[in-house]
1. Looking for something more than 34 Å from the chain's Cα centre (by Cα) and either of a type outside the set (Ser, Thr, Tyr) or at pLDDT below 90 (or both) - is there at least one such residue anywhere in the stretch 95-114?
2. Kindly establish whether Ile463 is surrounded by fewer than 22 Cβ atoms within 10 Å (Cβ to Cβ), of a type in the set (A, V, I, L, M), closer than 30 Å to Asp348 by Cα and at pLDDT 85 or above.
3. Quick one: is Leu38 at pLDDT 85 or above and in a helix (DSSP H, G or I)?
4. Within the bounds of the stretch 180-200, is there any residue that is within 30 Å of Asp512 (Cβ to Cβ) and either at pLDDT below 85 or surrounded by 15 or more Cβ atoms within 10 Å (Cβ to Cβ) (or both)?
5. Would you say Pro89 is within 21 Å of Tyr209 (Cβ to Cβ), crowded, with 17+ Cβ neighbours inside 10 Å and at pLDDT 75 or above?
6. I need the full set of residues from the stretch 468-510 which are in a loop (DSSP other than H, G, I, E, B), closer than 20 Å to Val455 by Cα and of a type in the set (S, T, N, Q), in order please.
7. Could you say which residue among Ala457, Ala481, Ala477 is of a type in the set (A, V, I, L, M, F, W, C) and farther than 19 Å from Ser559 by Cβ?
8. Out of contact with any helix residue (DSSP H, G or I) (no Cβ under 9 Å at 6 or more places or on another chain), closer than 27 Å to Phe238 by Cβ and part of a helix (DSSP H, G or I) - does that describe any residue in the stretch 81-98?
Amino acid sequence: MDKKKLLRIIITAILLVAAVVVEKTMGLEVWQLLLVYLVPFLLIGYDVIGEAVEGIMKGELFDENFLMCIATIGALLIGFLPNADTEFPEAVFVMLFFQIGELFEDRAKDNSRRSISHLTDIRPDTANVLRNGQLAVVKPEEVRIGETIVVKPGEKIPLDGKVVEGSTTLDTSALTGESMPRSANVGDNVASGCINLSGVINMKVEKTYEDSTVSKILDLVEYGKQFKSEDERFITEFARIYTPVVVGIALLVAFIPPFFQGDYIESLPIWLSRALTFLVVSCPCALVISVPLTYFAGVGGASRRGILVKGSCYMDTLARTSTVVFDKTGTLTKGKFEVEAIHPENLDEKELLHLAAHVERYSTHPIAMSLKTAFGNEDDGCSVTNVKELAGNGVMATVNGKTVYVGNSRLMDAVGARWHQCHKPGTIVHVAIEGEYAGHIVVSDVIKEDSQATVSALKKLDIKKTIMLSGDRREVAERVAQQLGIDECHGELMPDGKVQFIEDIINRESYDERVIFVGDGINDAPVLAIADAGVAMGALGSVAAIEAANVVLMDDKPSKVVTAIKIANRTRGIAMQNVVFAIAVKILVLILATFGIATMWMAVFADVGVTVIAVLNAMRALNTKRVDE
């Protein structure tokens, strides 16, 4: 909070009370009273007057500062007209309340900034790097790829890398919004910005500071401030046209009606007073301040839930979403394969799995890993030689003197093995021994625990359609879609096919509807870029995700998509509440002011009072816990 402004407000309030006492007790002339009231007026309003003058010099005439100056200076001078009442207290009070409204706005902005700037707390100050057997404390920017850094308990992880020694638990809440610590052991990748909670770990640096997760997130926060929502752009344009129009109407109210009321000079002060009241009421502060502030607060609140939105325009897009398109692997499924069924021909299940696991023992492919995990006993004394990978088809190897082929149907055709289809959906791994078909193993991707709940929740949010795109076989994709209750599914798509599909959907949507695509942000970058809003999930440590997407979910829970849309809906709803409330009150008091019913005090409420209420309402967007209720 601006303590200097608060002090000015308090002193001005005291001086205003003193000036009223002087006016009531000393019987001063009008010009003497003006001097008395000028002291508190200039104390509280000098900066507003200065900004109005600066705006005039820049050619930006019609803003709230200009309107306030015209209205209050007019109120100070109207008492010098014949038969006119003085409005000195009203003039000071209007400026005083205007500054109180500004104080509330500043406080609200500070709260919103703090909600976003907590992300800047993830910025590491130093890194402990091992050089020539000695530990050197340097800036993270000075550490090179391949160097080893040491991270002690309580320290921030300064750079992205892999744990090569030690184990610990990490606090990732600043990035993901999740309070549950994560374990990190040898071989695990660790993202910068996390806090080391327990053990000392040595990490091999895999990215420079400029390319690290923490750097990309900080860039994102700054980058996102440039993009305004459609509602914000409308309000800005509205205020640009609205303000000169109301000034023109105020001039007409002041100088035209007296022509029709007999004595022009006698009736002029009455209509001037109404025009000044009209100006105070018409000041667009509540709209110009509260709508951007609401979106700013919404973006800040979302960041505390591990949802980074690159500007309020994408918050607006989320709120208008009609279609949600998901990638399958790594988004709705874990991208982690498990053996689901074993169908041997002339040997038992254990032997078939044993052969497949040994042939794939040197592969790091996810399917190979699933076979090895299912078998679980590679050191059983078997002889495995002549391992050869057959690109795009599978692997062959000699196991205990027999040539074994493990792969797809094309490999079976190539070696002359008479394979057959499996009735179970999934990825089919065929096995042949010396060219004779030995059976097949069904491997399936594991569906994430909250994927089904996510799809159900989206339908409750009135999302018109959910779609899943996948590069997997059509029957595999359709099985997952059916399990999750997804409306539409398309398999066997290459990246360019996904892009074309998204473009077709966007072209079919109406003006007010939006299409978002949810993917892992690495291999889906082209699709993320083409959608109305690309949502990258599971982006902790993924620079590609942060750069490609418009909305970044820092963990791999698809349910965060629902949370993001709920936050966006609530944020836009609060902004609309402020617009309707502000315009309704202003129209009512403007009508009353034109007919001489509204007083300057009512005008103060219609401007500053409405602004304060709208600002307080805008701050509700920070409380994103309400969306879970």
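The values are calculated or read from the model by the stated rules, or taken from the named source; none is laboratory data. This one's a predicted model, so the numbers in the text were calculated from it and none came from an experiment. Neighbour counts are summed over all protein chains in view; Cβ atoms, including those assigned to glycine, are modelled from backbone coordinates with ideal geometry.
1. There is at least one residue in the stretch 95-114 that is more than 34 Å from the chain's Cα centre (by Cα) and either of a type outside the set (Ser, Thr, Tyr) or at pLDDT below 90 (or both).
2. no
3. When the stated conditions are applied, Leu38 passes them.
4. Within the stretch 180-200, not a single residue is within 30 Å of Asp512 (Cβ to Cβ) and either at pLDDT below 85 or surrounded by 15 or more Cβ atoms within 10 Å (Cβ to Cβ) (or both).
5. no
6. Within the stretch 468-510, Ser470 is the sole residue that qualifies.
7. Ala477
8. No, the conditions are met nowhere in the stretch 81-98.
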